[in-house]
Amino acid sequence: MNNMVDHLFRHHYGKMVAVLTKVFGLSNLETIEDAVQDTFVKASLQWRTQIPDNPEAWLTRAAKNRVIDLLRKIKAERIRTEKISIGAATVQLNDYFLDHEIEDSQLRMIFVACHPSLDYKEQIAFSLKTISGFSIKEIASALLIKEESIKKRLSRARKSIIENNVKFDFPEKNEILHRMEMVMHVIYLIFNEGFHSSENKDVVREEICNEAIRLCSLLLKKESFRSGKLYALFALMCFHTARLKSKVSAEHQINDLTQQDRAKWDHRLIIIGNNAMNKAVEYDDISKYHYHAAIVAEHLKARSFEDTNWGMIAKWYEKLLEINSDDDLVAVNLALVKGHLSQFNDAEKILNGINPEKLEQRKYLFYGSYAYINELANKQTKALEYYKHALKYVRNEAEQSYISSKIDKLNPEALK
């Protein structure tokens with residue numbers, strides 16, 4: 001039962017918040033979010049005995065009524081809520097939940113989240129919470145910062161929206177390109193939370209990946225929003241998602257690229273991604289998403305792990321570092337690629353230039369990469385030392401198990 005509620009929450013939280021905001025206004029956003037949250041809690045309790053015939057309609061109706069009830073209690077917009085709650089206005093409210101109206105509301109909410117009156121960091125936290133229903137914990141993990149900091153950012157974002165009288169609308173034509181940069185960044189963060197889940201048990205959360213792809217496809221429906229960057233981002237997410245079925249074994253263990261069954265890769269998504277990349281290069285703008293997509297495309301081209309073109313992948317990672325030399329995760333990945341090219345001195349030089357503390361919750365990737373490079377270089381003792389260090393910092397159970405298997409392979413006595 002809870003699985004059904006969780007599924008509906010992930011798929012419908014952002015939709016419900018966006019539509020109800022269109023009705024009740026951004027000034028009541030916190031009340032709306034509380035009402036939607038309350039509705040899902042209520043559903044988890046009431047549906048234990050009987051599931052409604054139409055769960056989505058039940059949630060919509062319950063959330064609407066809960067918002068009206070809360071607004072009345074705080075004596076906010078009394079006249080408006082009375083009109084909405086009965087008669088013809090109720091039909092009008094229901095019309096807001098038609099598919100095209102839902103899409104319109106969500107697109108508007110995306111641009112509200114990325115309004116220039118909000119600080120850059122607030123924009124990201126607000127987007128992850130309001131558009132896709134991430135918990136405080138999930139956002140903290142995605143952004144590699146403390147949960148208390150996320151709470152403060154969300155509070156400041158809501159306050160800024162009200163103080164600056166932000167409108168629930170699309171940006172002016174001359175603002176679209178600037179605002180789209182943040183929109184794409186947020187969507188990619190959402191995707192990465194699904195592809196590298198912060199949850200204790202699930203290393204992959206496919207529904208979150210699909211949500212990010214859906215939001216990106218919503219933007220691509222509007223011709224004025226299209227760009228090479230947006231098509232490249234869409235392609236990148238399709239390429240990554242195409243490999244999800246092979247990323248985790250039936251026993252919920254991580255399969256690295258050497259272990260993945262390439263026959264399980266989703267060729268339909270690969271074709272969709274390739275078509276998007278063909279569109280992406282028709283535009284003049286070249287971005288990090290182009291290079292990231294090119295890297296994944298190289299893995300998809302290889303018929304086996306041994307056929308991987310590591311030289312070309314190294315080239316794309318170097319291009320990424322030219323765009324942003326401070327991206328430590330890109331540097332870590334380049335070091336791994338150098339290891340596969342047997343350029344071990346170059347790999348260690350790259351890693352030595354990284355401060356693992358800057359990676360915060362993902363610093364285990366730094367130590368794991370150091371370990372793997374030493375393993376490739378046949379420095380087993382040093383590799384074992386770094387794997388044990390990585391294990392101290394990893395939180396996800398599947399990743400803990402993966403690193404433990406690496407340690408066990410190098411030295412079965414190390415885990416006793």
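Which condition does Ile84 not pass, out of (1) within 19 Å of Ser27 (Cβ to Cβ); (2) open to solvent by 70 Å² or more (accessible area, probe 1.4 Å); (3) modelled with pLDDT under 90, if it passes all the others? Going through the list (1) within 19 Å of Ser27 (Cβ to Cβ); (2) open to solvent by 70 Å² or more (accessible area, probe 1.4 Å); (3) modelled with pLDDT under 90, Ile84 breaks only (2).
Name the residue, out of Tyr402, Tyr386, that is in contact with a Phe, Trp or Tyr (Cβ under 9 Å, 6 or more places away or on another chain) and within 19 Å of Asn333 (Cα to Cα).
Working: Tyr402 fails: in contact with a Phe, Trp or Tyr (Cβ under 9 Å, 6 or more places away or on another chain).
After applying the criteria, what remains is Tyr386.
Regarding segment 30-39, can at least one residue be identified that is modelled with pLDDT of 80 or more and over 17 Å from Met109 (Cβ atoms)? Yes, segment 30-39 contains at least one residue that is modelled with pLDDT of 80 or more and over 17 Å from Met109 (Cβ atoms).
Of the residues Asn396, Asn378, Asn374, Asn333, which single one is in contact with a Lys or Arg (Cβ under 6 Å, 6 or more places away or on another chain) and of a type in the set (S, T, N, Q)?
So the residue among Asn396, Asn378, Asn374, Asn333 that is in contact with a Lys or Arg (Cβ under 6 Å, 6 or more places away or on another chain) and of a type in the set (S, T, N, Q) is Asn374.
The set of residues in segment 287-330 that are in a loop (DSSP other than H, G, I, E, B) and either buried (at least 17 other Cβ atoms within 10 Å of the Cβ) or under 22 Å from the mean Cα position of the chain (by Cα) (or both) comprises Ser287, Thr308, Asn324, Asp326, Asp327.
Which residues, counting only those in segment 267-286, are of a type in the set (Val, Ile, Thr) and in a loop (DSSP other than H, G, I, E, B)?
Within segment 267-286, Val281, Ile286 qualify.
Within segment 205-230, the set of residues being within 25 Å of Ile176 (Cα to Cα) and either open to solvent by 30 Å² or more (accessible area, probe 1.4 Å) or in contact with a Pro (Cβ under 6 Å, 6 or more places away or on another chain) (or both) comprises Asn210, Arg214, Ser217, Lys221, Lys222, Glu223, Ser224, Arg226, Lys229. Within segment 257-278, being closer than 18 Å to Arg214 by Cα and surrounded by 12 or more Cβ atoms within 10 Å (Cβ to Cβ) holds for Asp266, Leu269, Ile270, Ile271, Ile272, Gly273, Asn274, Asn275, Ala276, Met277.
When segment 267-308 is filtered for residues that are in contact (Cβ under 8 Å) with a residue 40 or more places away in the chain and of a type in the set (Asp, Glu), the ones remaining, listed by number, are Glu282, Asp284, Asp285.
For Asn333, only one of the following conditions fails: (1) under 27 Å from Ala140 (Cβ atoms); (2) surrounded by fewer than 17 Cβ atoms within 10 Å (Cβ to Cβ). What is its number? If we test Asn333 against (1) under 27 Å from Ala140 (Cβ atoms); (2) surrounded by fewer than 17 Cβ atoms within 10 Å (Cβ to Cβ), just (2) comes out false.
Of everything listed in (1) assigned to a helix (DSSP H, G or I); (2) within 18 Å of Leu257 (Cα to Cα), the single unmet condition for Arg362 is (2). Selection of segment 378-409 for residues being open to solvent by less than 60 Å² (accessible area, probe 1.4 Å) and either charged (D, E, K, R) or over 34 Å from the mean Cα position of the chain (by Cα) (or both) yields Glu399, Lys406.
Which condition number does Glu348 fail, the rest of (1) open to solvent by 50 Å² or more (accessible area, probe 1.4 Å); (2) farther than 30 Å from Phe225 by Cα being met? With (1) open to solvent by 50 Å² or more (accessible area, probe 1.4 Å); (2) farther than 30 Å from Phe225 by Cα applied to Glu348, the lone miss is (1). Taken together, the residues in segment 140-169 that are open to solvent by less than 50 Å² (accessible area, probe 1.4 Å) and more than 16 Å from Tyr120 (Cα to Cα) amount to 2. One residue alone among Glu360, Glu397, Glu375 is of a type in the set (D, E, K, R), touching a residue at least 40 places away in the same chain (Cβ under 8 Å) and more than 16 Å from Leu329 (Cα to Cα), and that residue is Glu397. Scanning segment 181-192 for residues that are open to solvent by less than 10 Å² (accessible area, probe 1.4 Å) and in contact (Cβ under 8 Å) with a residue 60 or more places away in the chain yields Val183, Met184, Val186, Ile190.
The values are calculated or read from the model by the stated rules, or taken from the named source; none is laboratory data. Small disclaimer: the values here were computed from a predicted structure and weren't measured. Positions of Cβ are backbone-derived with ideal geometry, glycine not excepted, and every protein chain shown enters the neighbour counts. Heavy atoms of the whole protein, side chains included, go into the accessibility calculation; ligands, DNA and RNA do not. Shrake-Rupley method; radii C 1.70, N 1.55, O 1.52, S 1.80 Å.
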